[in-house]
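The values are calculated or read from the model by the stated rules, or taken from the named source; none is laboratory data. Treat the numbers as computed from the prediction; the structure is a model and nothing was measured. Counting neighbours? That spans all protein chains shown, and the Cβs are built from the backbone with ideal geometry, glycine included. Ligands, DNA and RNA are stripped out before the accessible areas are found, and what is left, the full protein with its side chains, is counted by its heavy atoms. Shrake-Rupley method; radii C 1.70, N 1.55, O 1.52, S 1.80 Å.
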Amino acid sequence: MVVGAGLAGLVAAYEAQRAGLRVLVLDQENRANLGGQAFWSLGGLFYVDSPEQRIMGVHDSEELAWRDWENSARYDDTPNDTWPRRWGREYVRFATHEKRRYLRSLGLRVLPTVGWAERGSGDASGHGNSVPRFHLTWGTGPEIVRVFLDPLLEAEKAGRVEFRFRHRVDGLTTVDGRVTGVSGALLDPCDDLPRGVASPREVVGTFTLRADATVVASGGIGGNHDLVRRSWPTDRWGECPEEMVAGVPAHVDGRMIGITQAAGANVVNTDRMWHYPEGMANWDPIWPGHGIRIIPGPSAMWFDAEGTRLPTSVFPGSDNLAAVSHLGRTGHGYSWFVLTKEIADKEFIFSGSEQNPDLTDKEVRKLLSKILPGTHVAVRNFMDHGEDWVIADTLEELVEGMNGLVGPDRPQVDPARLRRQIEDRDSQLDNRFSKDIQVNYIRTARSFLGDRIVRCAPPHRFLDGRHGPLIAVRLRMLTRKTLGGIETDLSGRCLRPDGSVFPGLYAAGEAAGFGGGGMHGVNALEGTFLGGCVHSGRRVGEALGRELGGRSR
């Protein structure tokens with residue numbers, strides 16, 4: 001029995017039914033939400049030493065990837081990171097030798113260009129990807145869901161798999177120390193409710209179910225801002241912002257992590273999360289507080305709420321959690337990107353399958369809009385309708401709009417001070433070398449063909465009207481991923497606080513911190529989240545096949 005029909009749950013169910021098991025999948029949402037939040041993703045996958053990398057002239061290796069992973073994770077030498085470290089090591093092996101072949105066998109393809117997400121802290125011993133590893137799925141998140149869901153739907157027709165929706169699990173049943181099933185509430189069916197829309201919580205009945213093994217694959221806590229605030233690591237990130245936007249639907253509530261802990265499983269590293277400081281309100285929201293993340297290239301200038309440029313080592317797309325930490329300590333819950341329209345046209349991509357119809361629909365004609373000159377439809381929609389966007393022909397008009405947007409009770413940006421910082425940056429463009437780290441990095445990025453083609457605009461002066469108009473975007477914290485969770489061994493078996501195996505209980509995906517209770521450590525390499533669901537789900541499904549050997553009820 002799999003609790004949760006997101007990507008990790010689907011992968012576990014797929015592998016279990018391949019092993020001859022009969023599988024029951026429960027989810028508190030309706031059938032329209034199969035695939036969970038993976039459906040809404042951009043579909044980035046972390047591959048190591050792939051053919052796509054080699055074609056692009058990228059030299060990568062398992063050894064380099066593990067070096068990057070360890071330097072980012074900064075694991076503790078304490079029991080809470082024993083299994084996470086082992087899961088991290090196995091994931092890098094998976095990403096190097098198995099993941100691409102496995103997904104291709106299911107029909108999944110990626111674009112030939114490779115992206116460089118999380119470019120790093122500027123320190124070879126620090127956080128970040130040393131080389132581009134972000135492989136974008138042709139079809140985005142829905143395609144990753146499809147390659148597992150299609151065979152499961154065929155198995156459903158054959159009677160090997162059963163889905164039961166609007167089943168909210170409220171407790172795990174144990175007999176003699178072994179998990180034997182679940183109990184919970186039947187929720188109002190709401191069969192016609194569209195994907196992602198917050199569903200009613202009216203209880204219309206109860207249920208009790210038994211199984212030889214139970215898998216918790218219910219996702220993380222990103223849609224539950226109260227729980228995010230309670231878990232917020234103020235020692236590392238400062239105070240949690242008062243206002244945040246939600247990068248995941250409301251049903252990503254973290255309930256099952258607490259329920260599993262209450263039943264006796266060990267939960268570790270709960271202060272480890274992955275949120276984005278480049279969030280903005282969706283102009284066309286689907287779920288409450290729906291936020292969209294800007295996935296930026298390196299050229300926009302980043303200012304805090306008072307108009308002070310962030311340290312040049314924390315430029316857009318460099319070190320996500322360093323930016324979270326820096327901004328958290330300013331005492332303000334928002335910041336600003338300032339850029340030209342030419343940069344927005346070339347560099348801005350927005351998170352979400354629905355924001356990228358060219359990739360999601362797998363239409364080459366639409367895809368050309370990302371490469372050819374002009375403004376992508378998603379960028380144009382936010383320029384026209386986004387509540388966080390300010391557009392102006394002059395800097396003075398831009399600052400007036402920025403200050404008007406936040407209101408007189410918030411810090412007011414001084415136009416003269418902002419001008420001086422922008423002119424300082426512009427002054428570094430007259431030579432092929434400069435003292436500005438960000439300007440130097442832009443030139444370095446353009447030496448990589450993938451960035452030059454689709455992700456990095458030619459350096460230019462912001463205050464040269466030929467590249468305008470000027471754009472400012474107010475950025476807020478966007479909640480997304482849970483990096484800690486239920487502690488598991490390498491088979492995905494849940495562990496008790498004393499380290500012993502909790503019989504009959506497994507966990508996969510975000511609920512397990514993508515494996516072991518936090519395989520990423522305190523930080524993460526971008527592009528490893530969907531793959532973490534695939535990896536942990538596969539290992540659990542395989543383990544179920546070994547343990548149960550074709551017998552299930």
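For the stretch 74-192, the pair-distance distribution built from all alpha carbon pairs, in bins 5 Å wide starting at 0, is 2, 8, 9, 11, 14, 15, 14, 13, 9, 5, 1 percent.
Annotation: amide H-H contacts under 5 Å for T214 (H modelled 1.01 Å from N, sequence separation of 5 or more, or interchain): L505, Y506.
Note on C533: accessible area is roughly 20 Å² with a 1.4 Å probe, heavy atoms of protein only. The H on the amide N of F502, modeled in the peptide plane, is under 5 Å from the matching H of C494, L495, R496, each at least 5 residues off or on a different chain. Counting charges near R101 (Lys, Arg +1; Asp, Glu -1) among other residues having Cβ under 14 Å from its Cβ returns a value of +3.
Entry comment: accessible area of the stretch 245-286 is 28 Å² per residue, from protein heavy atoms only and a probe of 1.4 Å.
For the chain, the share of DSSP beta bridges that are antiparallel, to the nearest 5, is 75%. Apolar share of the accessible surface for the chain: 50 percent from carbon plus sulfur atoms, 1.4 Å probe. Using C-alpha pairs under 8 Å with a sequence gap of at least 6, the mean separation divided by the residue count of the chain gives a relative contact order of 25 percent.
Seen from A416, the other residues with C-beta closer than 15 Å to its C-beta sum to a net charge of -3, counting Lys and Arg as +1 and Asp and Glu as -1. Around the amide H of L136, modelled in the peptide plane, lie the amide H atoms of L45, L111, G115, all under 5 Å away and 5 or more residues distant in sequence or on another chain. Sequentially through the stretch 401-413, phi angles give Karplus couplings (6.51, -1.76, 1.60; θ = phi - 60°) of x, 4, 5, x, 5, 8, x, x, 7, 9, x, 9, 6 Hz, Gly and Pro residues having no value and appearing as x. Rounded to the nearest 500, the helix-only mean residue ellipticity at 222 nm of the chain stands at -9500 deg cm²/dmol, with each DSSP H run of n ≥ 4 adding -39,500 (n - 2.57). Computing percent of Cα pairs over 38 Å apart for the structure here picks out one of (1) 27; (2) 32; (3) 50, namely (1). Here the Karplus relation 6.51 cos²θ - 1.76 cosθ + 1.60, evaluated at θ = phi - 60°, turns the backbone of the stretch 212-227 into coupling constants of 5, 8, 10, 10, 8, 9, 9, x, x, 10, x, x, 10, 5, 4, 5 Hz, with x for every Gly and Pro. Which one, H326, P298, Y276, projects farthest toward the positive side of the charge dipole computed for the stretch 276-478 from Cβ point charges (K/R +1, D/E -1)? The residue sitting farthest along the positive end of the dipole is P298.
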